[in-house]
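What follows is a set of notes on a single structure, which appears directly below.
The values are calculated or read from the model by the stated rules, or taken from the named source; none is laboratory data. Just so it is clear, the structure is predicted and the values come from calculations on it, not from any experiment. Positions of Cβ are backbone-derived with ideal geometry, glycine not excepted, and every protein chain shown enters the neighbour counts. Only protein heavy atoms, including side chains, enter the accessible area calculation; ligands, DNA and RNA are left aside. Shrake-Rupley method; radii C 1.70, N 1.55, O 1.52, S 1.80 Å.
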Amino acid sequence: MRPTGEFKLPFHLRSAFRQAVKLEWITLAYLFSVIIVMILVTGNSQAMKTAWLEDVLSTLPAVAFLVASRYFEKPGNKRFPYGFHRVYSIAFLAGSLALFAMGCFLAIDSSIALIKMERPTIGSVFIFGKQIWMGWIMILVLCYSAFPSIWLGYKKMPLAKKIHNKILFTDAETQKADYQTAFAAIIGIIGVGLGFWWMDALAALAISVSVILDGVRNLKNAVSDLMDRSPMDVSSSKPDELVQEIIETVAEFPWVEQVRVRFREEGMVYFGEVYVIAKPVLHLDELIMEAQDHLKNFHWKIHDISIMPVRDFDQMSED
Amino acid sequence: MKKSRVIYCSILLVLSFSCGIPKDGREAFQNALQNRLMVGVVEQAGEERSALDAEIELVRQFGKENNMKVELIYGPETKLVSRLENAELQLVVGGFDKETIWEEKVALSIPYDDFGHVFLIPKGENRLLFELENFIHLQ
């Protein structure tokens, strides 16, 4: 058994990683405060309940990232020869599944409220003797749940791209779009205030549909990653150009006739096999070892790579 | 986030300030002002009768302060709550507290006494609740 080697983020990215960890801790602390405040004001507004549950779910990517960050650099061993990089992918899958499941539950719950024509009643509070309709307090709380979230999302996004971390990227994207949830809920509450009871349930339904769509998109990416999809960029929208760069680099080696590659993502790094049809040369094994070392130092994302000489590519498709 | 979206939403919020929020879903308060405040009274007997009289007096005061005529309709609890759900009544009194079994079907006011008794009003009638809670707070 030859377990994969230890992985250490390159020096120039460690500061970005530490910053990402710090931001996720801040995110958790902030989200817990939002959850507590929202529990206090939710009442029987469906939109508020949905927004609150969505905030509870928002803690999952941060928790997943922080837990996974303690394991991903551990070297492989006999039991886990490929190391622990997949811990990010697993965390991503778990979070996506929770998001999707909760989105479905919220959609059903909101639909039932709409069908049963449940009319939300929002009372008042008295602050220093002044009566304030609770709806205004709810709106303030929703603003608190949105604006710092957006700021955190914008801070995390460049870090996610730098360290090629999909959980962090998804978390950043979701937080950036948090204002949509808050505004939908605000419109629901204002609707209730104007006497349109159905706007509350409709807003809740709109939020839950958005949660479902996020869940589906993330589930698709998480499952694809775990099925060893060819590496994609951090937004999972297009193939990573690094793979093509490796093909071109290997093709330029003077002893290489033809080259085909097979790469997969494991968390933040790539594992790959390079198949070459070599020209008739001496000391092919030494040339291969040199090429492997060269490719490992090519980019920090290339963690484990093997070069294999083959006679032909008959068994391998071109695509 | 586009600035335009922020502006539109802010305008929406500002406009809503001038729209008399909160409003009733079924115009309970408005109907009470224009016609009469229809109050369901759960029939009580014995010692509870005097507590009920105090509740009724409180409701009459509320009506007086808002220039509303008050009409009392006596009946069994279940029937009155059913009429309240349909907004045929605006208020039901009968010594209810926050633990009442009807809390899923109707809305409850803030307690009006130290024993935690509340009034029952139809769900979604937020203006009526607003005015009632203001009245209770000032007592």
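Only one of B:Lys123, B:Lys105, B:Lys79 is under 12 Å from the mean Cα position of the chain (by Cα), among the charged types (D, E, K, R) and open to solvent by 10 Å² or more (accessible area, probe 1.4 Å); which? None of the others qualify; the one that does is B:Lys123. When A:Ile187, A:Ile163, A:Ile167 are checked against the criterion of being within 14 Å of another protein chain (Cβ to nearest Cβ) and either under 22 Å from B:Asn126 (Cα atoms) or among the hydrophobic types (A, V, I, L, M, F, W, C) (or both), a single residue qualifies: A:Ile187. Checked against the criterion of being more than 18 Å from A:Val234 (Cβ to Cβ), more than 20 Å from the chain's Cα centre (by Cα) and either at pLDDT 90 or above or open to solvent by less than 60 Å² (accessible area, probe 1.4 Å) (or both), the candidates A:Leu99, A:Leu106, A:Leu53, A:Leu31 yield just one match: A:Leu106.
Taking each residue of segment A:266-286 that is more than 15 Å from A:Val243 (Cα to Cα) and of a type in the set (D, E, K, R) and looking for partners that are open to solvent by 50 Å² or more (accessible area, probe 1.4 Å) and not in a strand (DSSP E or B) with beta-carbon atoms closer than 8 Å, six or more apart or interchain, yields A:Lys279/A:Pro254.
Scanning segment A:201-212 for residues being surrounded by fewer than 17 Cβ atoms within 10 Å (Cβ to Cβ) and either over 18 Å from A:Leu99 (Cα atoms) or free of Cβ contacts under 8 Å to residues at least 24 places away in the same chain (or both) gives a total of 0. Please give the number of the condition A:Leu9 fails out of (1) surrounded by fewer than 12 Cβ atoms within 10 Å (Cβ to Cβ); (2) touching a residue at least 24 places away in the same chain (Cβ under 8 Å). (1) is the only condition that A:Leu9 fails. The requirement of being more than 26 Å from the chain's Cα centre (by Cα) and surrounded by fewer than 16 Cβ atoms within 10 Å (Cβ to Cβ) is satisfied by A:Ala251. Can A:Ile127 be described as within 13 Å of another protein chain (Cβ to nearest Cβ), touching a Leu at 6+ places or on another chain (Cβ under 8 Å) and either open to solvent by 40 Å² or more (accessible area, probe 1.4 Å) or within 30 Å of B:Pro111 (Cβ to Cβ) (or both)? Spelling it out, it is not the case that A:Ile127 is within 13 Å of another protein chain (Cβ to nearest Cβ), touching a Leu at 6+ places or on another chain (Cβ under 8 Å) and either open to solvent by 40 Å² or more (accessible area, probe 1.4 Å) or within 30 Å of B:Pro111 (Cβ to Cβ) (or both).
Residues are listed down the side, and each one gets a yes or a no for (1) part of a helix (DSSP H, G or I); (2) modelled with pLDDT under 90; (3) within 14 Å of chain B (Cβ to nearest Cβ):
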| site | (1), (2), (3) |
| --- | --- |
| A:Val192 | yes, no, yes |
| A:Ala204 | yes, no, no |
| A:Ser208 | yes, no, no |
| A:Asn221 | yes, yes, no |
| A:Ser224 | yes, yes, no |
| A:Val234 | no, yes, no |
